[in-house]
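Down below is the structure, laid out as structure tokens.
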Amino acid sequence: MSAPVVRLSAASARRIALAAQGFTGPRPGATVGTRQLRAVVDRLAVVQIDSVNVVSRSHYLPAFSRLGSYPRAAMDALAGTRHDLFEYWAHEASFLPVRLHPHLRWRMAAAQEQAWGNMVQIQRERPGYVAEVLARVREGGPLRASELAEPRPEPAGTMWNWHTGKVALEWLFYTGVLTARQRTAGFERVYDLTERVLPAAVLAQPTPDRADAVRELVRTSARAMGVATETDLRDYFRLGVADTRQAIAELTEAGELLPVEVDGWQRPAWLDPNARRPRWVRARALLSPFDSLVWERPRIERLFGFRYRLEIYTPAARRVYGYYVLPFLLGDALVARVDLKADRQAGVLRVQSAHGEHGVDAGQVADELAAELRLMADWMQLEDVEVAERGDLAQDLRIAVTAR
């Protein structure tokens with residue numbers, strides 16, 4: 001017998017999603033440490049990595065958004081020394097709890113079909129070279145791609161213009177033979193044999209078959225999102241359509257997902273039966289463009305009525321809001337967006353533009369945003385916050401920042 005379909009209001013779905021992503025509880029009043037950081041990553045399951053460092057490396061920002069100020073070295077330690085996290089391709093390059101390693105081994109084993117472009121090509125055309133790179137790591141220890149540098153095949157600035165050594169290391173990384181031991185100060189990945197990095201207890205766990213593994217990944221996605229469409233569930237770990245549909249059907253049959261209809265959504269959705277259903281949310285956070293709450297743009301339009309596009313690759317003259325724009329969450333709504341830049345040399349967090357959403361109370365939003373910007377500046381050890389003139393919220397925000 002099929003499960004009855006639950007009906008949710010759009011506001012309820014939004015609050016459920018925020019609760020699942022960790023935005024309903026108050027930020028810790030005491031010093032934030034490893035325990036709180038691990039709890040955030042366990043909740044999110046996927047923390048996307050990106051090399052852009054205009055404000056901060058993106059993987060540091062989700063914890064700040066949820067916890068407030070914390071020592072970034074503690075986040076580094078989770079992956080680089082404690083190895084509670086590992087790096088792999090999930091939703092793009094990501095940090096993940098090590099418990100998920102067995103459930104991604106099917107992707108590692110299927111690298112010929114899952115990986116892309118030059119990674120597959122180098123294994124097919126130069127297997128001997130790949131074997132030499134692996135032997136160097138096995139015999140010589142951890143290795144950075146820069147230690148294998150060769151002339152680049154493409155002009156500087158071309159996407160994915162990896163040199164041959166980097167491609168070989170990335171193939172070995174994708175197949176799971178190598179993993180990241182740590183990141184250097186310049187954010188370069190240090191590769192080592194997986195067996196020398198990840199905890200023995202994790203490596204000893206049996207490898208589930210693909211269907212079981214995908215089911216666990218979909219289950220994990222559902223917990224992290226609270227309520228989600230098939231596309232949402234598929235996108236979280238970048239799963240295939242057929243795999244995801246099978247997993248959803250099986251989890252629904254088992255009562256681990258509840259079919260729901262959300263007012264205003266055009267597609268069926270599923271609810272984690274253990275999801276919290278808060279009556280209100282009192283969040284305040286600046287969100288990385290790569291935060292799991294906002295990385296799927298159609299989902300945030302459904303949840304918040306907020307149209308968001310990353311304009312890094314848009315020519316400057318055609319940008320609407322700016323280069324590196326962070327949405328601002330207040331209560332249960334996305335109420336503004338700010339184009340930020342950390343000017344480390346000057347010791348200033350620069351607000352290059354500030355735009356409020358239609359119908360918001362500009363004064364209230366500016367006051368709350370000013371407080372969050374000050375918190376971010378302190379966390380990043382920047383002395384001041386300066387607001388440029390661009391954007392309909394800029395004047396109110398400048399007044400609020402000055403008042404602080």
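Some notes on this structure:
- Tabulated pairs, region 351-372, first modelled with pLDDT of 95 or more, second basic (Lys, Arg) and open to solvent by less than 30 Å² (accessible area, probe 1.4 Å), C-beta under 7 angstrom, 6+ apart or interchain: 355/337
- For the criterion of being open to solvent by 10 Å² or more (accessible area, probe 1.4 Å) and not assigned by the TED database to the domain that holds residue 27, residue 389 passes.
- The helices (runs of 4 or more DSSP H) found wholly in region 52-136 include none carrying at least 1 residues that are at positive phi, of a type in the set (A, V, I, L, M, F, W, C) and at pLDDT 95 or above.
Okay, residues lined up against (1) more than 14 Å from residue 287 (Cα to Cα); (2) of a type outside the set (Ser, Thr, Tyr); (3) open to solvent by 20 Å² or more (accessible area, probe 1.4 Å):
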| site | (1), (2), (3) |
| --- | --- |
| 338 | no, yes, no |
| 343 | yes, yes, yes |
| 347 | yes, yes, no |
| 350 | yes, yes, yes |
| 353 | yes, no, no |
| 357 | yes, yes, yes |
| 361 | yes, yes, yes |
| 370 | yes, yes, no |
| 373 | no, yes, no |
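- Some residue of region 309-320 being surrounded by 19 or more Cβ atoms within 10 Å (Cβ to Cβ), without any contact (Cβ under 8 Å) to a residue 60 or more places away in the chain and not assigned by the TED database to the domain that holds residue 53: no
- Residue within region 44-61 that is among the charged types (D, E, K, R) and touching a strand residue (DSSP E or B) at 6+ places or on another chain (Cβ under 7 Å) present: no
- Looking only at region 1-33, residues that are part of a helix (DSSP H, G or I) and open to solvent by less than 40 Å² (accessible area, probe 1.4 Å) come to 9 in all.
- The residues of region 180-202 that are β-branched (Val, Ile, Thr), closer than 21 Å to residue 135 by Cα and in contact (Cβ under 8 Å) with a residue 40 or more places away in the chain, listed by number, are 190, 197.
- Every residue from region 117-140 that is under 15 Å from residue 162 (Cα atoms) and open to solvent by 60 Å² or more (accessible area, probe 1.4 Å): 121
- Pairing residues of region 112-133 that are within 13 Å of residue 148 (Cβ to Cβ) and assigned by the TED database to the domain that holds residue 174 with residues that are open to solvent by 50 Å² or more (accessible area, probe 1.4 Å) and of a type in the set (S, T, N, Q), at Cβ distances under 9 Å and at least 6 apart in sequence or on separate chains, gives 130/123.
- Flag for residue 58 being open to solvent by less than 10 Å² (accessible area, probe 1.4 Å) and either closer than 25 Å to residue 238 by Cβ or not aromatic (Phe, Trp, Tyr) (or both): yes
- Long-range neighbours under 7 Å by Cβ, at least six apart or interchain, first residue under 21 Å from residue 67 (Cα atoms) within region 376-396, second among the basic types (Lys, Arg) and modelled with pLDDT of 95 or more: 385/374
- Candidates 277, 297, 282, filtered to the one that is within 23 Å of the chain's Cα centre (by Cα), of a type in the set (D, E, K, R), closer than 19 Å to residue 331 by Cβ and outside the structural domain of residue 39 (by the TED database): 282
- Qualifying residues in region 323-336 (those that are under 25 Å from residue 94 (Cα atoms) and touching a residue at least 60 places away in the same chain (Cβ under 8 Å)) - the one most open to solvent (accessible area, probe 1.4 Å): 323
The values are calculated or read from the model by the stated rules, or taken from the named source; none is laboratory data. What you see is a predicted model, and the numbers here were worked out from it, not measured in a lab. Positions of Cβ are backbone-derived with ideal geometry, glycine not excepted, and every protein chain shown enters the neighbour counts. Accessible surface is based on the protein model in full, side chains and every heavy atom, while ligands, DNA and RNA are left aside. Shrake-Rupley method; radii C 1.70, N 1.55, O 1.52, S 1.80 Å.
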